[in-house]
There are 2 protein chains.
Amino acid sequence: MTITQRLWMYRRQPLAEVGGEHYELIAQPLDTRLGDNEVLIEARYFSVDPYMRIGQSGKPTYDAEPHPLNTVQQSGVVSQVIASKAAGFAEGDWVYSYSGWQSHARVHASALTRLDPEQAPVTTALGVLGMPGRTAWFGLTESGKPHAGEVVVVSGAAGAVGSLVLQFAKRHGARVLGIAGGPAKCAWLRTDLGADWAIDYKAHGNADSLSAAIKEVTGGVDVYFDNVGGMVTDAVIPLINRRARIVICGQISQYNGGLDTPELGPRLLHHMLYQRATIQGMLARDYVHRMDEMKRIVAPWVKAGDIVFEETIIDGFEQLPSALNSLFTGEHRGKLLVKA
Amino acid sequence: MTITQRLWMYRRQPLAEVGGEHYELIAQPLDTRLGDNEVLIEARYFSVDPYMRIGQSGKPTYDAEPHPLNTVQQSGVVSQVIASKAAGFAEGDWVYSYSGWQSHARVHASALTRLDPEQAPVTTALGVLGMPGRTAWFGLTESGKPHAGEVVVVSGAAGAVGSLVLQFAKRHGARVLGIAGGPAKCAWLRTDLGADWAIDYKAHGNADSLSAAIKEVTGGVDVYFDNVGGMVTDAVIPLINRRARIVICGQISQYNGGLDTPELGPRLLHHMLYQRATIQGMLARDYVHRMDEMKRIVAPWVKAGDIVFEETIIDGFEQLPSALNSLFTGEHRGKLLVKA
């Protein structure tokens, strides 16, 4: 028996904004006969994440080679089992896989993680209890190392990772400034996420003005968790305190072209010297083997409703490429998902 | 009784190159009567170091306030004792003090460190067994953490700190590339200091060309000990290997104005993310209390003649301001000193 599988084939490398023109939407028959230990899954929720655009850079990034052309766009997916020849997986079960932008897939059971909808909404496997949560938790605790009373500044604070970093930092007893775009996001950071302060970077025309605003509220910065780069980072670095820790988790302002042809910005490394500060780059993949540590602490908070994990869900498989681009231009809050 | 004391008073803040016009040479009587525990010293060798120019920046640097105007220029000095009312110090003794650019000084014994000319040349107290040696040793071992077989790249490799870092890195079993200005310095790095490779950055018109040359010989960089910043750093950062350690010890290319009004350069922090690399700023002052650890290891190497610690000695107290500026434009090798 066959079913119709739809998938987004990655065809052309974007040089600036990414969109549908870099993909081809394909519908093709999928042979559903399963081998031993194989499972047929149907995707329900797709993750769209900034790292996907990094991998489309023509230069070496986190992998030596860019995302290969003429393959399905990689991504995390939450699916339901349609059929199974693997012990432990039954029709209707919810699973996580890294099977990419395709509506259905035949996958080996070893590539699936079972999800328990009783414990947390299944979409959290793509957010607070998945890659973004892991990034936020280990980036903050292993590289940021915040102490009670310190000032933690989070850029991209309304995003999937930033909104969690902000809340995790508060739980460490830090005083937290969230930086985001627009007054509505900033109000949300203060009222819903518990930020001590929030600053709308779009209200500032240059780094000096933004820097003055950050200095006015914080006095100085002990931990800077950077998801954004560019002007926001230019504004924060001159304000670092002695022994500050800067975590480079993302540089989203640079992804639509700046990785291939770097934008120019002020040289700021001399501040590292004065303050004996550290910049540490991190990737979610380094902590895959430590998910249990993170979940042991964060999952109970999620279950108790103590963590805000906002989701913005875009409806429709055909929206995937434009949803990816909206990460860089859009107005979403929290984790961006596409519902199949 | 009085003697004539000469001193360089720091009068005006330089905005670009520093020189005699920012100082006033003063000759004045010095009362030589000593109180209890006081010592009268006569300077023999003055240190000129890049950090002095940093402290003249109008913005906060390693201290919150710039070097105060209308005070004697601070610096390390090697002197001889002229008269003493302190136990343990006798006429003719060699001492180190941080008494600045003045020919004579009355100082409390607690501000003096005795030097033993039998153990090492007294000028080494301003070089390999002093602040530059400490900077090189702890910057490399505590922040760079080189392993045998790794690639260590040193910028400013012919300078006081860089020439020691290069040799210390070789002793750790690393493969070492020294970057310096001009073919003569590069030949010296290879033949006298034992560099595996040396590259003349002045032979390259831009960072891409320099980067290609660095990549060709090293293949990639595990530790980058940066004394220079600017174009050289732009060339190295895209070549870092996984978990690379970048030590920001100096940014000498930026000191003549770039600290007040930062130069523009390409944004490169995204590489930190890909390689999960670290940038660590360090200052010599953080390791003052650990001089004994460094000397325990390095002093025997010095005594045995196993370390090259070249000195460039400029003759004449009146040369001090121009000697300071020559750090940024000059052709000296190793440690730059002025002889009184």
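Computed from the coordinates by the stated procedures, all read-outs in this text should not be read as laboratory data. Since the structure is predicted, the reported quantities are computational estimates derived from the model, not experimental observations. Here Cβ is always computed from backbone atoms with ideal geometry, including for glycine, and neighbour counts include all displayed protein chains.
In this structure, B:Leu337 qualifies as buried (at least 16 other Cβ atoms within 10 Å of the Cβ) and under 19 Å from B:Tyr45 (Cβ atoms). Within the stretch B:285-322, restricting attention to residues that are in contact with a Phe, Trp or Tyr (Cβ under 8 Å, 6 or more places away or on another chain) and of a type in the set (A, V, I, L, M), the residue that is farthest from B:Ala43 (Cα to Cα) is B:Ile297. Restricted to the stretch A:193-208, and to residues there that are surrounded by 14 or more Cβ atoms within 10 Å (Cβ to Cβ) and of a type in the set (Gly, Ala, Ser), the residue that is farthest from A:Pro266 (Cα to Cα) is A:Gly194.
How many residues, within the stretch A:170-192, are more than 23 Å from A:Thr123 (Cα to Cα) and crowded, with 23+ Cβ neighbours inside 10 Å? Looking only at that region, the number is 7. Scanning the stretch A:252-292 for residues that are part of a loop (DSSP other than H, G, I, E, B) and at the interface with chain B (Cβ under 7 Å from one of its Cβ atoms) yields A:Gly258, A:Leu259, A:Pro262, A:Glu263, A:Arg267, A:Leu268, A:Leu269, A:Arg276, A:Ala277, A:Met282, A:Leu283. Among the residues of the stretch B:211-228, is there at least one that is closer than 22 Å to B:Thr61 by Cα, without any contact (Cβ under 8 Å) to a residue 60 or more places away in the chain, within 12 Å of chain A (Cβ to nearest Cβ) and buried (at least 21 other Cβ atoms within 10 Å of the Cβ)? No, the stretch B:211-228 has no match at all. Assess whether B:Tyr51 counts as being in contact with a Lys or Arg (Cβ under 9 Å, 6 or more places away or on another chain), within 25 Å of B:Gly133 (Cα to Cα), of a type outside the set (D, E, K, R) and surrounded by 16 or more Cβ atoms within 10 Å (Cβ to Cβ). Spelling it out, it is not the case that B:Tyr51 is in contact with a Lys or Arg (Cβ under 9 Å, 6 or more places away or on another chain), within 25 Å of B:Gly133 (Cα to Cα), of a type outside the set (D, E, K, R) and surrounded by 16 or more Cβ atoms within 10 Å (Cβ to Cβ).
Applying the condition of being over 17 Å from B:Ser75 (Cβ atoms) and hydrophobic (A, V, I, L, M, F, W, C) to the stretch B:98-128 and asking which residue is farthest from the chain's Cα centre (by Cα) yields B:Ala109. Might you let me know whether the stretch B:243-250 holds any residue that is without any contact (Cβ under 8 Å) to a residue 40 or more places away in the chain and farther than 24 Å from A:Met231 by Cβ? Checked the stretch B:243-250: at least one residue is without any contact (Cβ under 8 Å) to a residue 40 or more places away in the chain and farther than 24 Å from A:Met231 by Cβ. The residues listed here are A:Thr61, A:Thr32, A:Thr2; of these, the one that is surrounded by fewer than 13 Cβ atoms within 10 Å (Cβ to Cβ) and of a type in the set (Ser, Thr, Tyr) is A:Thr2.
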